[in-house]
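Working notes, beginning with the structure itself.
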Amino acid sequence: MSVTEQAPAGPPTAPPASPDGAAQEAILRRQSLRESAARTYARALPIVPVRARGMTIEGADGRRYLDCLSGAGTLALGHNHPVVLEAIRKVLDSEAPLQVLDLATPVKDAFITELFATLPGELADRARVQFCGPAGTDAVEAALKLVRTATGRDGLLAFTGAYHGMTAGALEASAGARDVRVTRLPYPQDYRCPFGVGGERGAELAARWTQSLLDDPKSGMPAPAGMILEPVQGEGGVNPAPDRWLRRMRKLTADRSIPLIADEVQTGVGRTGAFWAVEHSGIVPDVLVLSKAIGGSLPLAVVVYRDDLDVWEPGAHAGTFRGNQLAMAAGAATLAYVRENGLAERAGLIGARMLGQLQGLAATYPCVGDVRGRGLMIGVELVDPLREPACHDDAVPGQPPAAPALAAAVQRECLRRGLIVELGGRHSSVVRLLPPLTLTDEQAAAVLDRLADAVASAARDHHG
Ligand code: PMP
């Protein structure tokens, strides 16, 4: 079993400059006094990172953590990977301008070449790219504007459980927001299937509902400019879409000339076991929304789309920070490293193994309701087996309700054991693992060890 203070194997090996618990406490205190009430990760993770390498983060107090948050899925290669640092240093040493708006540069040219080399062939042959920067939400906005301009329609098809960002349009497309232009469709879920059946049958019913809305002249649905979906919902609680359902969505939209937007902000760059998550199903979307890992830990966001959609006017989607040269260099290096080292396949293999081992946790603890994921996007849903589901819960009849307090306790216990995890899902009751794709077998074992220990401890405290 792991111990709180035990340092994980591997770098960083250098001792902290001044392991200082008092300084850390002071910084945290000032943070709570000076930063916004809207801060998020900082609340659940009261640490002050001062050094990081690979999967390891070191706090100002000298404690080390295995990082399974990875900058919310940004760090495909972990923290400060040598190829990323080298790419950044090369740009700095070359005296290239760092801010160039959307002008052409050799750095950008190389990034686009590397990005296009990774795309599904059918899209790469006819791809256009728009730099949106700096964040994923900017790229979602651009994608929505692109399809609305190209189709002349205004409506949007989006899914339950979706998360696309925090700017106005992206927020409207996300579940939890209401917008008259957005038609909310059921995203297939195995565990909490809205139709109470789960599996292929649940996905089939979800697809049928979508088709009936599209074809019913009295569905009340505004004419859709596009459909936006995540191949695996991340923030929604790690819900992988079945491949067959994705193919249905592709066919339904293609048959009706509705552009399909795949939001791969979180699933992209090998995370799910394929370079792009759409590749599992073989579908080719009309628009790909990309951010997070494509910037190699620095802010970068793009939309890639088929050339016939490229009918918007010059300046239709502008912005000052679209030319981040350091991010493009770091991103190109990351894309190349993932491709050349087969890290997507590696993520698929090690993720499947971890998922298998986590099933054992579900078998041991009734409070582990479900374990699911794809590649290195893994979720463990905590439930309360002793509480009857309330009729307003989204649980399938007989299924235990979500247990957000228990999930938060597991997250705290993980942190005590030197493991950083994220929470997500409808009731923040899903413990999420997003380790870097460079995760070693030993690190995977340590993650599972600490998580199992944390679940055991939290379950004991929770149920007495
Ligand atoms: N789309 C998806 C699928 C995401 O997971 C996120 C962020 N978690 C976003 C869009 C928004 O990205 P950002 O936070 O960089 O704006």
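Since every read-out is calculated from the coordinates, none of them should be taken as a lab result. What you are looking at is a predicted structure, and each value in this text was computed from that prediction instead of being measured. A quick note on method: Cβ atoms are made from the backbone with ideal geometry, for glycine too, and the neighbour counts reach across all protein chains shown.
At a glance:
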| read-out | value |
| --- | --- |
| Cα-derived Rg over Rh, computed across the range 84-340 with Rh taken as Kirkwood radius | 0.98 |
| The chain: calculated mean residue ellipticity at 222 nm from DSSP helix runs of at least 4, using -39500 (n - 2.57) | -12000 deg cm²/dmol |
| Highest to lowest packing among 277-284, 98-105, 356-363, scored as the average C-beta count within 10 Å | 277-284, 356-363, 98-105 |
| Eligible aspartates and glutamates near residue 90 by straight Cα distance, threshold 19 Å, same-chain separation 8 or greater | 109, 114 |
| Rg(Cα)/(2.2 N^0.38 Å) for the chain, N = residue count | 0.97 |
| Cβ-defined net charge surrounding residue 291, 13 Å radius [Lys, Arg +1; Asp, Glu -1] | -2 |
| Per-peptide average of other Cβ atoms within 10 Å, ordering 366-373, 36-43 highest first | 366-373, 36-43 |
